[in-house]
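The values are calculated or read from the model by the stated rules, or taken from the named source; none is laboratory data. The model shown is predicted, which means the values in this text are computed figures rather than measured ones. For neighbour counting, all protein chains shown are included, and Cβ atoms are generated from backbone atoms with ideal geometry for every residue, glycine included.
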Amino acid sequence: MLESRAEFAAPAVEVTPVHQRLRDAMAELAPVLTELSADLHAHPELALAEFHAADRLTGLLEKDGFAVERGVAGLPTAFVAGVGQGAPVVAFLCEYDALAGVGHGCGHNLIAAGGVGAALALHRALGEDFTGTVRCIGTPGEEGAGGKITELEAGVFADVDAALMFHPGDRSLPWRHATAAAHLDVTFHGVAAHAAAAPASGRSALSAIVQLFVSIDSLRQFIPETARIHGIITDGGQAVNIVPERTSAALMVRALTQQGVEDLLARVRACADAAAAATGTTSEITIGKVYAERKNNHTIATRVASHLARLGESMREPVLRGGTGSSDIGNVSLVLPAIHPYLQIAPEGTPAHSHAMAEAAAGPQAQQRMLHMAEALAATGADLLTDPALFDTVREEFATAGPDFPS
């Protein structure tokens, strides 16, 4: 993976009275937000089951005067909280699901605390007399369930003018590209039989799933180098002396664009069909929501970097090349201006989705940088609400620019 080591040259911004009030608000909120981050880290919850996290976040927002709607888009742990009225609507997004077996190895405890912190601080700094709406949207199930996509389809983002969030990582970047992706589950159905006395009467679903992975390994040589196919066997059979009649696997397919994902899914489906035909079994495939490529709004992201710079946080010049992940913020970013900057919380080279990253997400450095990011997001939100010319530039970029792709 090639990354620039040059510092991102963020232009200086004028410090307004609202920004100064944000400093005071963040000082008051700091112990609340660090405790919240630590609590979420200590109580990791999987996608769409983040009940403790949702309760904590909505409770803080409601206490601060936000009108809260819970269970939006048919998702029990999703919420929308807002203050103010009318346009423009600036939304801070919170993710709060954890990873199976790893906990908060993606740092969503920090995303949640930082997102709600930005909303609370901005509300306190603006007071009750301002034009527009400050909103905080709880977006559960980023890790595979596509909560933002469900919310998008349900109209949760229909009147949102800008969506702001950040993501922890091993380096700070104002933006970077992200691949489109889809989860799929593959199940093979065979015929059970005694593995020693009557194997000819059986049809091995295990042989089928092994053949599927062999076929995918053969396929990898002939897909774009920017694409990825990876997966695990989730059910390999029930007993060693029985020809397995059912097996299953969970896979992910990634490509530069949604269309690229669709093309790869067709090829993986062909691998599954071939494995079934070769083993006398049948295959069943369920495809989840397709995560889109990301269209970062550089105008908003640059303003966040400028506010981080005055708080003593530097960012690295982004190079849109090399391995990266996927997120359902991509789907939102194709519909309205959105950002997804990265904030360093761990030594460079620390992999995401690892126990090392989970440990870093609970550390004091991560908490302090989360507070700086929350303030920078809030300050950018203040600029968007009070500077129509800035929002005009944001909208113009959104109308003319495309997604970020590797260069």
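Taking each residue of the stretch 270-283 that is farther than 21 Å from Arg220 by Cα and looking for partners that are assigned to a loop (DSSP other than H, G, I, E, B) with beta-carbon atoms closer than 9 Å, six or more apart or interchain, yields Thr279/Gly190; Thr279/Ser204; Gly280/Gly190; Gly280/Ser204; Thr281/Gly190; Thr281/Ser204; Thr281/Glu245; Thr282/Gly190.
Just one of the numbered conditions (1) over 30 Å from Arg294 (Cβ atoms); (2) among the hydrophobic types (A, V, I, L, M, F, W, C); (3) crowded, with 19+ Cβ neighbours inside 10 Å is not true of Ala239: (3). What is the number of the single condition among (1) out of contact with any Cys (no Cβ under 7 Å at 6 or more places or on another chain); (2) under 23 Å from Arg294 (Cα atoms); (3) of a type in the set (Gly, Ala, Ser) that Ala195 does not meet? Single failed check for Ala195: (2). As a summary of the residue check, Leu99 satisfies the conditions (1) within 19 Å of the chain's Cα centre (by Cα); (2) under 17 Å from Ile339 (Cβ atoms) except for the one numbered (2). Taken together, Asp273, Asp263 contain a single residue that is of a type in the set (Asp, Glu) and within 26 Å of Pro403 (Cβ to Cβ), which is Asp263.
Note on the stretch 180-209: among residues that are hydrophobic (A, V, I, L, M, F, W, C) and out of contact with any helix residue (DSSP H, G or I) (no Cβ under 8 Å at 6 or more places or on another chain), the one that is surrounded by the most Cβ atoms within 10 Å (Cβ to Cβ) is Leu206. Of the candidates Gly144, Gly59, Gly138, Gly71, the single residue that is modelled with pLDDT under 95 and over 21 Å from Ile345 (Cβ atoms) is Gly144.
The number of residues in the stretch 224-236 that are surrounded by 12 or more Cβ atoms within 10 Å (Cβ to Cβ), in a loop (DSSP other than H, G, I, E, B) and out of contact with any Gly (no Cβ under 9 Å at 6 or more places or on another chain) comes to 1.
Against the test of being free of Cβ contacts under 8 Å to residues at least 60 places away in the same chain and of a type in the set (Ser, Thr, Tyr), the options Ser201, Ser207, Ser215 yield a single qualifying residue, Ser201.
Just wondering, is there one or more residues in the stretch 6-13 that are out of contact with any Ser or Thr (no Cβ under 7 Å at 6 or more places or on another chain), crowded, with 22+ Cβ neighbours inside 10 Å and not in a strand (DSSP E or B)?
Looking for residues that are out of contact with any Ser or Thr (no Cβ under 7 Å at 6 or more places or on another chain), crowded, with 22+ Cβ neighbours inside 10 Å and not in a strand (DSSP E or B), one finds none in the stretch 6-13, hence no.
Can we say Glu95 is assigned by TED's automatic domain parsing to the domain that holds Gly127 and surrounded by 24 or more Cβ atoms within 10 Å (Cβ to Cβ)? In short, yes. Within the stretch 128-141, the set of residues being in a loop (DSSP other than H, G, I, E, B) and surrounded by 24 or more Cβ atoms within 10 Å (Cβ to Cβ) comprises Thr139, Pro140, Gly141.
Can you confirm whether Ile149 is part of a strand (DSSP E or B), touching a residue at least 40 places away in the same chain (Cβ under 8 Å) and of a type in the set (Val, Ile, Thr)? In short, no.
Of all residue pairs spaced 6 or more apart or on separate chains, those with beta-carbon atoms under 8 Å, a first member in the stretch 374-387 that is in the same structural domain as Thr133 (by TED's automatic domain parsing) and a second member that is of a type in the set (Asp, Glu) are Ala376/Glu313; Leu384/Asp161. Could you list all residues from the stretch 25-54 that are within 13 Å of Thr139 (Cα to Cα) and either exposed (fewer than 15 other Cβ atoms within 10 Å of the Cβ) or not assigned by TED's automatic domain parsing to the domain that holds Leu377 (or both)? Across the stretch 25-54, the qualifying residue is only Phe51. All conditions in (1) under 16 Å from Glu142 (Cβ atoms); (2) surrounded by fewer than 20 Cβ atoms within 10 Å (Cβ to Cβ) hold for Gly312, with the sole exception of (1).
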